[in-house]
Structures are given as C-alpha cells and as structure tokens.
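The block underneath contains the structure these notes are about, expressed in structure tokens.
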Amino acid sequence: MRYYIGVDGGGSHLRAVLVDETMHVLREVVRGKANPNTLGLQQASERIQQALRDVVQDFPEPIHAVGIGIAGAPKAIAEKWLRDTVKAALPLAEVVPSSDEEIALVGAHGERRGVLVLAGTGSIAHAVNDAGEGLTIGGWGYLMGDKGSGYWLGLQALEAYIRHEDGTDTRPTSLVARVRQACGFKDRFDIIPWLYQPAPDASKVASLAPLVLEEAQAGDARAQQIVSEGADELALLAQTLVRRLNIQQPRYAFAGSLLTEPTPLAEALCRRLHLPTPPRPRYSPMVGAALLARLATTSV
C-alpha cells in the first residue's frame with residue numbers, strides 16, 4: 001500500500017489530507033490561509049510545512065508522493081518554491097506541484113479532464129480537453145479581476161452601502177442594513193478604516209458574500225442583481241474555455257465555497273450553463289491533489 005498527501009491552499013484556508021492509494025482519507029488538518037502573495041514566501045512555507053508535519057505526525061508508513069496546489073503560487077511560476085517547501089518537511093516523498101484550480105478539477109472529475117469553475121474568496125476557471133491540452137483563465141487577483149468571487153460579491157455589497165450613504169442610489173434594499181450591522185458601521189466613514197487598516201484583506205471583504213446570497217435568496221432586488229452579474233462573469237469564463245479548447249461536450253465541475261453548496265450563485269450559474277443542478281464533485285480539491293500525485297507517480 002502506498003500513501004499520499006494532498007495539499008490545498010485556497011484563499012482562506014490551508015488543508016492537508018493523508019490518503020491511501022484508494023483515496024481513503026486517513027487524516028486531515030485545516031490551517032489558516034497560505035497564499036504567498038499576502039503572507040510572503042517564508043511565512044507561507046512555514047505554514048505549509050507545519051501542516052505537512054501535523055498530518056503525518058506518528059504515522060508509521062512512508063509517504064510516497066505529495067500533490068500540492070496553492071492559490072497565488074501555480075506551478076507555472078512557483079514550481080521550485082513548491083518543491084522546496086514540501087521537501088523541507090518530507091524530504092523522501094515525491095513532489096507533484098500543481099495549482100489550486102487543477103487539483104480541484106482532478107478531484108471533481110477523478111481525472112485530469114473537463115471544465116472547472118471555482119468561486120471562493122477568488123475566482124478562476126480551468127479546463128483540459130480530450131487531447132490533454134490545459135488552459136486557465138481568470139485568477140488575476142482581487143485588484144484586477146476575481147469577478148463572481150466572494151471578494152467581488154462582498155465588494156459589491158460595500159459599494160451598495162456607500163452609494164446608499166451618498167444618496168446616489170435610492171433604490172430600497174435590505175443589503176445596506178445587513179452590511180452596516182455585520183461591519184459595525186456607526187458613522188458613514190467607518191468603512192474607510194474597516195477596509196484599509198491595517199491593509200486591504202480579500203478574505204475580510206469576502207466574508208460579506210454570504211450576506212449577499214442570503215438577501216438574494218430572500219428576494220432583495222439589489223442582491224439578486226449582484227448575484228446575476230457574478231453568474232454572468234463565471235459563465236463567461238467557462239464558455240471561453242470551451243471555445244478556446246474546442247471542447248465539444250463539456251463536463252462541468254464547480255469548486256469553491258460559493259458553488260459547492262446550493263447557493264443562488266450556483267443556481268444562476270447552472271442556468272447559464274444549461275445544467276439541471278450544480279454538479280457534485282467526486283472528491284474534494286485536497287483529495288484531488290493526492291490523486292494527482294498518485295496519477296503522476298504511478299510509474300515511479
């Protein structure tokens with residue numbers, strides 16, 4: 001029996017899982033976020049290494065391979081850092097560097113094929129066609145993109161708040177009161193220190209996304225408009241991948257906290273992609289990372 005570890009570093013949480021070669025989960029740990037673009041390379045490395053040590057603590061068998069995908073550090077630009085980070089904690093294991101969207105795709109379909117739309121703190125889409133050609137679009141980060149993501153939904157809620165405060169949007173909406181209560185705003189300018197001090201935090205803004213989804217579910221017109229626009233953007237990512245990779249019969253998968261539950265955003269995206277219900281993944285992204293490690297090292 002061989003044993004594998006999968007590491008999934010999303011925008012808000014770092015997860016590591018230990019599995020056997022049948023993908024049966026033996027152990028799992030969850031830690032804080034590990035995006036090196038927000039934490040710095042050193043702190044992100046230390047957090048990943050600690051998660052690896054924790055998940056194998058007192059485990060008596062050797063680890064054959066580790067698959068790893070970290071938001072903000074895809075293999076294309078961070079392969080050496082990913083390898084060095086894992087090797088520092090598990091020097092005898094094979095390392096299979098990847099990206100958070102690829103491990104989610106492999107987990108969802110159980111193979112490296114299909115189309116994936118991911119919406120959590122950030123958003124991105126990834127696809128692999130039958131010829132094995134892969135392509136990723138989106139994922140530019142909260143300053144330049146991530147439309148349809150938790151951050152984007154939260155930002156639209158904050159924009160609704162400031163437009164209400166300024167009087168430039170007088171449409172009735174319960175979303176403003178929800179934002180004011182959730183953020184503890186007493187004065188109209190309280191939003192400035194909340195957002196900018198000590199520094200903008202994508203996960204903090206993304207924490208407002210559930211309010212948008214709840215209000216959309218309850219029938220608030222402004223929240224429903226935000227969700228509709230977000231679904232349009234996510235659908236555009238998926239449809240663009242299908243076109244660019246010439247995928248004739250796309251198999252869609254959803255990933256990320258906003259799409260893996262029956263949320264208004266997931267339901268709206270299903271309508272745009274002509275899906276009856278949100279697709280259910282075969283495995284989680286962290287198990288997908290372990291499966292990718294197994295697939296990549298079966299001949300080793």
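Here is a yes/no grid of residues against (1) over 24 Å from Gly6 (Cβ atoms); (2) β-branched (Val, Ile, Thr); (3) part of a helix (DSSP H, G or I):
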{"residue": "Gln248", "(1), (2), (3)": "yes, no, no"}
{"residue": "Ala253", "(1), (2), (3)": "no, no, no"}
{"residue": "Ser257", "(1), (2), (3)": "no, no, no"}
{"residue": "Glu261", "(1), (2), (3)": "no, no, no"}
{"residue": "Leu269", "(1), (2), (3)": "yes, no, yes"}
{"residue": "Gly288", "(1), (2), (3)": "no, no, yes"}
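So which of Pro97, Pro74 ends up being closer than 28 Å to Arg280 by Cβ, surrounded by fewer than 24 Cβ atoms within 10 Å (Cβ to Cβ) and not assigned by TED's automatic domain parsing to the domain that holds Asn246?
None of the other options fit; the residue is Pro74.
Filter region 191-240 down to residues that are farther than 24 Å from Val117 by Cβ and β-branched (Val, Ile, Thr) and give me whichever is surrounded by the fewest Cβ atoms within 10 Å (Cβ to Cβ). So the residue we want is Ile192.
Taking the listed residues Arg31, Arg15, the one that is closer than 30 Å to Cys270 by Cβ, in contact with a helix residue (DSSP H, G or I) (Cβ under 6 Å, 6 or more places away or on another chain), part of a strand (DSSP E or B) and charged (D, E, K, R) is Arg15, with no other qualifying.
Test Ala51 against the criterion of being assigned to a helix (DSSP H, G or I), outside the structural domain of Ala202 (by TED's automatic domain parsing), closer than 20 Å to Ile124 by Cα and touching a residue at least 24 places away in the same chain (Cβ under 8 Å), and give yes or no. No. Is at least one residue of region 241-252 in contact (Cβ under 8 Å) with a residue 24 or more places away in the chain, under 17 Å from the mean Cα position of the chain (by Cα) and crowded, with 16+ Cβ neighbours inside 10 Å? Yes, region 241-252 contains a residue that is in contact (Cβ under 8 Å) with a residue 24 or more places away in the chain, under 17 Å from the mean Cα position of the chain (by Cα) and crowded, with 16+ Cβ neighbours inside 10 Å. Say whether the condition of being in contact with a His (Cβ under 7 Å, 6 or more places away or on another chain) and outside the structural domain of Glu267 (by TED's automatic domain parsing) is met by at least one residue in region 144-167. Checking region 144-167: not a single residue is in contact with a His (Cβ under 7 Å, 6 or more places away or on another chain) and outside the structural domain of Glu267 (by TED's automatic domain parsing). Of all the residues in region 271-286, those that are assigned to a loop (DSSP other than H, G, I, E, B) and either of a type outside the set (D, E, K, R) or closer than 17 Å to Ala223 by Cβ (or both) number 9.
Scanning region 205-227 for any residue that is part of a helix (DSSP H, G or I), in contact with a Ser or Thr (Cβ under 6 Å, 6 or more places away or on another chain) and among the small types (Gly, Ala, Ser) turns up at least one such residue.
Flag not set for Ala177, criterion: within 29 Å of Ala255 (Cα to Cα) and hydrophobic (A, V, I, L, M, F, W, C).
The values are calculated or read from the model by the stated rules, or taken from the named source; none is laboratory data. Predicted, not measured: the structure shown is a model, and the values here were computed from it. Please note: Cβ atoms are built from the backbone with ideal geometry, for glycine as well, and neighbour counts cover all protein chains shown.
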